[in-house]
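Comments concern the structure below.
The values are calculated or read from the model by the stated rules, or taken from the named source; none is laboratory data. It should be emphasised that the depicted structure is a prediction, and the values quoted were computed from it without experimental measurement. Every residue, glycine as well, gets a Cβ built from its backbone with ideal geometry; the counts of neighbours run over all protein chains shown. In case anyone asks, the SASA skips ligands and DNA or RNA and just uses the protein heavy atoms, side chains included. Shrake-Rupley method; radii C 1.70, N 1.55, O 1.52, S 1.80 Å.
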Amino acid sequence: MLPNRKELVRLSLPSIVKLEFWEDAIPLGYDTSKFTEGGDTISRVNERKISLARQHRFVIKDKLQDSYDLFVNFEDDMLIKGHHIQHYLYVTQKLEQLKRISMEDVTETTNYNQRRKERYYKSMYYGNLTRGQLNRIIPGFIRAEVLLNDKNNNGRETQFSIPIDNNNDGATAQLDPIPCCHISKEHANNEGHLPSEPNASQIIIWETSILALGVRHIPQLGWVTMLRGPKTTGEANTMLTDYWSGNDGYYKKEQKRPTADNRAYINNQGGWMGTKEQIYAWHTEICPGSFLPPFDVPHFRFDGLDLRDVEWWSGGLHLFTLRHACNMQRVVLLDKNYFGRHLLYHTTNNKQKKKLYSKATDLLGQLRTVVYNAQK
């Protein structure tokens, strides 16, 4: 980094904030795209730019025993505010409270055999959770953009027949756009791609949709939607299921629920955050292989310098997918006062030019309809 640019960053930070810069962070390794089992030995070492996104794990491991409470890693076009940090810690604290009073198996007082236990956990989308289920849950985020020009994006909005906000309390599900997407006039460009105070109807998402989502009730948190990515596996008492939006006949026969690992709906959130305690648990107990270095076989090859992409390392797929990964379940609260705190502003606003999208406030309203149906 040039000295003048480093000084600009330093001047923008409070004096008590420590700033360190890793000048030569790009790792050296073999071109693993040319590697085949039993084939010729790869002998040429070069810069593995695809693996630059891995390097933050070394920094976190170095700092894990320091006096930091929370680690935040996001791509440089994501807007992370104090609202997001506070909300992540709030939901995490509620989950920790539930863990302290949870049981290993909520069917332990019954005579259920293994098969009946599995049927029970697969059918339940409400009620008390086991310690194993709670260990798998973290607060989740959804990337969002501000819709800049409806005419230019005409035809890209996804349409499903689920009513918006069909519930019995008459309240609208208008989300609050301030936590995610309002920025200071000093940093805004109202004539270009970064408006200062967009309204709720301008907030859009493109990496998931109502077709893929369902709802579940969690004590102390209320109704949530569970973002896609993880798969049901392992012991019955770690299974987490939901009430799918398609259970009430809204979709055509050919509109099936996308698989959990379908990248079109998996919701790459552009980064992740975790408390010191969470990261230690991910590294030592939950994630196969490890979450922090070293990255050893059988879950990694070449110390992680293989073909895992930016989305896997810094986008969060390592945390919330199954294959050689942690299989964590992200939840988003459906209370209209909290839903906006799960949205992260993708400030380049460039995905809307080529992606199908949904208006975030419509998605919230449709999910509230699913909640109403789930409670019947």
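A few points about this structure:
- Residues located in segment 227-258, provided they are assigned to a helix (DSSP H, G or I) and either within 17 Å of the chain's Cα centre (by Cα) or surrounded by fewer than 18 Cβ atoms within 10 Å (Cβ to Cβ) (or both): 247, 248
- Scanning segment 304-334 for residues being out of contact with any strand residue (DSSP E or B) (no Cβ under 7 Å at 6 or more places or on another chain) and among the aromatic types (Phe, Trp, Tyr) gives a total of 2.
- Cβ separations smaller than 8 Å between residues 6+ apart or across chains give no pair from segment 285-301 residues that are part of a loop (DSSP other than H, G, I, E, B) and among the basic types (Lys, Arg) to residues that are modelled with pLDDT under 95 and open to solvent by 50 Å² or more (accessible area, probe 1.4 Å).
- As a summary of the residue check, residue 188 satisfies the conditions (1) touching a residue at least 12 places away in the same chain (Cβ under 8 Å); (2) touching a Ser or Thr at 6+ places or on another chain (Cβ under 6 Å); (3) open to solvent by 20 Å² or more (accessible area, probe 1.4 Å) except for the one numbered (1).
- Checklist (1) at pLDDT 95 or above; (2) under 30 Å from residue 249 (Cα atoms) applied to residue 280, failing item: (2)
- The numbered conditions (1) out of contact with any Cys (no Cβ under 7 Å at 6 or more places or on another chain); (2) at pLDDT 95 or above are all true for residue 364 except (2).
To keep it simple, each residue is scored yes or no on (1) of a type in the set (D, E, K, R); (2) within 15 Å of the chain's Cα centre (by Cα); (3) open to solvent by 60 Å² or more (accessible area, probe 1.4 Å); (4) farther than 24 Å from residue 131 by Cβ.
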{"residue": "260", "(1), (2), (3), (4)": "no, yes, no, no"}
{"residue": "271", "(1), (2), (3), (4)": "no, yes, no, yes"}
{"residue": "274", "(1), (2), (3), (4)": "no, yes, no, no"}
{"residue": "284", "(1), (2), (3), (4)": "no, no, yes, no"}
{"residue": "295", "(1), (2), (3), (4)": "no, no, no, yes"}
{"residue": "300", "(1), (2), (3), (4)": "no, no, no, yes"}
{"residue": "305", "(1), (2), (3), (4)": "no, no, no, yes"}
{"residue": "312", "(1), (2), (3), (4)": "no, yes, no, yes"}
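- Some residue of segment 341-355 being under 14 Å from the mean Cα position of the chain (by Cα), within 16 Å of residue 265 (Cα to Cα) and of a type in the set (Ser, Thr, Tyr): no
Results for (1) buried (at least 20 other Cβ atoms within 10 Å of the Cβ); (2) farther than 23 Å from residue 85 by Cα; (3) of a type in the set (S, T, N, Q), shown as yes or no for each residue.
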position: 341; (1), (2), (3): yes, no, no
position: 346; (1), (2), (3): yes, no, no
position: 349; (1), (2), (3): no, no, yes
position: 355; (1), (2), (3): no, yes, no
position: 362; (1), (2), (3): yes, yes, no
position: 373; (1), (2), (3): no, yes, yes
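- Condition check for residue 265 on (1) under 20 Å from residue 159 (Cα atoms); (2) outside any loop (DSSP other than H, G, I, E, B); (3) open to solvent by 50 Å² or more (accessible area, probe 1.4 Å): one failure, at (2).
- Within segment 191-216, the set of residues being part of a strand (DSSP E or B) and either open to solvent by 60 Å² or more (accessible area, probe 1.4 Å) or touching a helix residue (DSSP H, G or I) at 6+ places or on another chain (Cβ under 7 Å) (or both) comprises 203, 204, 205, 214, 215.
- Those residues of segment 69-94 which are surrounded by 14 or more Cβ atoms within 10 Å (Cβ to Cβ), farther than 30 Å from residue 306 by Cα and in contact (Cβ under 8 Å) with a residue 40 or more places away in the chain, in sequence order: 81, 83, 84, 85, 87, 88, 89, 91, 92, 94
- Close pairs (9 angstrom Cβ cut-off, 6 or more residues apart or separate chains): in contact (Cβ under 8 Å) with a residue 24 or more places away in the chain and among the small types (Gly, Ala, Ser) in segment 12-26, surrounded by 10 or more Cβ atoms within 10 Å (Cβ to Cβ) and part of a loop (DSSP other than H, G, I, E, B) anywhere: 25/55
- Qualifying positions in segment 22-45 - surrounded by 10 or more Cβ atoms within 10 Å (Cβ to Cβ) and modelled with pLDDT under 90: 29, 30, 31, 32, 34, 35, 42, 45
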